[in-house]
Amino acid sequence: MNVLFVCLGNICRSPLGEGILKNICEHSGLDWHIDSAGTGGWHAGESPDHRSIKVAAKHGIDIHQQSARQFKQEDFEKFDHIIAMDKSNFKDLTSLTSDPSHLAKISLMMDFDSASTYRDVPDPYYDNRFDLVFELVTNACNGFVQKFAEVPISS
Ligand code: 4NP
């Protein structure tokens with residue numbers, strides 16, 4: 001299974017999605033390919049934001065080696081699931097294709113945590129809510145794994 005997380009800049013939220021789901025997969029024996037991208041390309045080639053690196057490290061996850069990139073058309077073919085961090089990212093992604101098979105791959109991160117009152121993973125770039133983002137993305141990634149792993153995973 002190929003999973004792509006998408007946010008605006010690919011330096012704050014989606015790198016955490018990539019790191020958190022990779023970590024869950026390593027601990028659960030899931031051989032999935034996981035990547036992340038931004039709808040915008042302003043930060044292409046950059047490392048994740050130092051605050052994302054720090055909150056991930058606090059939870060034993062190393063994301064410093066990731067490099068930002070912009071979402072590209074081939075991603076619609078390459079990935080089985082394209083997970084948008086907020087409704088704005090979702091809208092930007094759906095505007096890039098009219099192919100029903102591509103549109104069917106796009107989902108919203110918080111749809112995998114139906115118990116949460118959050119529908120968007122908030123952009124922490126200006127307000128520093130990196131701990132909240134880490135918690136929301138962790139819970140939603142666990143929900144994603146519960147839904148799509150072929151073998152039940154204890155979390
Ligand atoms: P991200 O956060 O979409 O979670 O990576 C942002 C990163 C950079 C900017 C905005 C959001 N920016 O305006 O540069």
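In region 2-148, the portion of solvent-accessible area held by carbon and sulfur atoms comes to 51 percent [1.4 Å probe, whole percent, DNA, RNA and ligands not counted]. Under the criterion of Cα pairs below 8 Å and six or more residues apart, the relative contact order for region 2-148 equals 27 percent. Over the chain, the alpha carbon radius of gyration divided by the compact-protein estimate 2.2 N^0.38 Å works out to 0.95.
Debye calculation, C-alpha points only, no solvent: report log10 I(q)/I(0) for region 20-68 at q = 0.13, 0.22, 0.32 Å⁻¹, in the same order as the q values. Normalising to I(0) and taking log10 leaves -0.35, -0.88, -1.18. Considering only alpha-carbon pairs that sit under 8 angstrom and 6 or more positions apart, the relative contact order computed for region 41-107 is 29 percent. With a 1.4 Å probe rolled over the protein heavy atoms of all chains, the accessible area of Lys78, Lys91, Lys105, Lys22 falls in the order Lys91, Lys78, Lys22, Lys105, largest first. Electrostatic bookkeeping for Leu93 treats Lys and Arg as +1 and Asp and Glu as -1; over the other residues with beta carbon under 13 Å from its beta carbon, the sum is 0.
Taking a Cβ cut-off of under 15 Å around Lys147, the surrounding Lys, Arg, Asp and Glu residues balance to a net charge of -3, with basic ones at +1 and acidic ones at -1. Quick check: Cα centre of region 20-83 to Cα centre of region 98-130, how many Å? Between the Cα centre of region 20-83 and that of region 98-130, the gap is 14 Å.
Excluding ligands, DNA and RNA, the accessible surface per residue across region 2-148 is 47 Å² with a 1.4 Å probe.
Neighbours of Ile34, meaning other residues whose beta-carbon lies under 15 angstrom from its beta-carbon, give a summed charge of -2 when Lys and Arg score +1 and Asp and Glu score -1.
The values are calculated or read from the model by the stated rules, or taken from the named source; none is laboratory data. Note that the structure is predicted; figures quoted are calculated from it, not measured. Using ideal geometry, Cβ is built from the backbone for each residue, glycine included, and neighbour counts are taken over all protein chains shown. Side chains included, ligands, DNA and RNA excluded: accessible areas come from the protein's heavy atoms. Shrake-Rupley method; radii C 1.70, N 1.55, O 1.52, S 1.80 Å.
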